[in-house]
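Scroll down for the structure; my scribbles are underneath it.
The values are calculated or read from the model by the stated rules, or taken from the named source; none is laboratory data. What you are looking at is a predicted structure, and each value in this text was computed from that prediction instead of being measured. Cβ sites come from the backbone with ideal geometry, for glycine too, and all protein chains shown count toward neighbours. Surface areas here come from the heavy atoms of the whole protein model, side chains and all, with no ligands, DNA or RNA. Shrake-Rupley method; radii C 1.70, N 1.55, O 1.52, S 1.80 Å.
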Amino acid sequence: MLKNLIQQEKPTIVFLQEMKSHSTILEKVLRKIWSGCSSVSVDSSGASRGLAIIWNPQIVILQDFHTSHFIIQATFHLIGRNIHGHLSNVYFPQHLNQKLALLDILPALNSNRQFPLWIGGSDFNIIRALEEKSGGRSKLEGDNIGFRDYIQNNQLMDIQASNGIYNWTNK
């Protein structure tokens, strides 16, 4: 599926979350599906986590990497253009206290950015409103308010999903 998507869309940068695999497996797969790409990854922990940023080094340069269990960050420069910025790929843990702590850490990590452009891709494991989910509990948790504040305080855009109305379902 990833190979078909890469061949069809010809992306410059791809963010992967919840890969559930080791970086050596990712490298083997990438050699088969995206020749010449570069990548940085964080290995999964059991059946959870695992992050990667994959890019076309002929179009964009990534550098200044920061990685942890839940985050990959880098600066980028589009080759031949005066466009620079920061990338963040984040996987939010399931536990409420860890989610709230990560919501606090991200703005601090990005407060010293050299460039104003910040592109993020994340599996937040949080919804902003009940309309974004189907099934499960019918009330919002404490992380939902923190997430809405995070989006507003950091002047972020929430891009709507193009493949359905829900971004979470327990089915």
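Taking the criterion of being modelled with pLDDT under 85, open to solvent by 50 Å² or more (accessible area, probe 1.4 Å) and not small (Gly, Ala, Ser), the residues of the stretch 19-47 that qualify are LYS20, HIS22. Quick check on the stretch 100-116. Is at least one of its residues within 13 Å of PHE15 (Cβ to Cβ) and either in contact with a Pro (Cβ under 8 Å, 6 or more places away or on another chain) or of a type in the set (Phe, Trp, Tyr) (or both)? Scanning the stretch 100-116 turns up no residue that is within 13 Å of PHE15 (Cβ to Cβ) and either in contact with a Pro (Cβ under 8 Å, 6 or more places away or on another chain) or of a type in the set (Phe, Trp, Tyr) (or both).
For the stretch 110-122, taking the residues that are modelled with pLDDT of 80 or more and closer than 20 Å to PHE92 by Cα, the one that is most open to solvent (accessible area, probe 1.4 Å) is identified as ILE119. So, ARG128, is that one of a type in the set (Lys, Arg), within 18 Å of the chain's Cα centre (by Cα) and over 24 Å from LYS10 (Cα atoms) or not? Yes, satisfied. Just name the residue that is surrounded by the fewest Cβ atoms within 10 Å (Cβ to Cβ) out of those in the stretch 1-18 that are not in a helix (DSSP H, G or I) and not hydrophobic (A, V, I, L, M, F, W, C). Among residues in the stretch 1-18 that are not in a helix (DSSP H, G or I) and not hydrophobic (A, V, I, L, M, F, W, C), the one surrounded by the fewest Cβ atoms within 10 Å (Cβ to Cβ) is LYS10.
Candidates in the stretch 123-153 are the residues that are among the aliphatic types (A, V, I, L, M), assigned to a helix (DSSP H, G or I) and over 19 Å from PHE70 (Cα atoms); of these, the one that is modelled with the highest pLDDT is ILE145. Checking each residue in the stretch 63-79 for being surrounded by 15 or more Cβ atoms within 10 Å (Cβ to Cβ) and touching a residue at least 40 places away in the same chain (Cβ under 8 Å) picks out THR75, PHE76.
Within the stretch 80-97, the set of residues being touching a residue at least 24 places away in the same chain (Cβ under 8 Å) and farther than 22 Å from SER39 by Cβ comprises PRO93, GLN94, LEU96.
Looking at the stretch 10-68 only, could you name the residues that are out of contact with any Cys (no Cβ under 6 Å at 6 or more places or on another chain), over 16 Å from HIS86 (Cα atoms) and among the aliphatic types (A, V, I, L, M)? LEU16, MET19, ILE25, LEU26, VAL29, ILE33, VAL42, ALA47, LEU51 - these are the residues of the stretch 10-68 that are out of contact with any Cys (no Cβ under 6 Å at 6 or more places or on another chain), over 16 Å from HIS86 (Cα atoms) and among the aliphatic types (A, V, I, L, M). Taking the criterion of being at pLDDT 90 or above and closer than 30 Å to ASP104 by Cβ, the residues of the stretch 48-60 that qualify are LEU51, ALA52, ILE53, ILE54, TRP55, VAL60.
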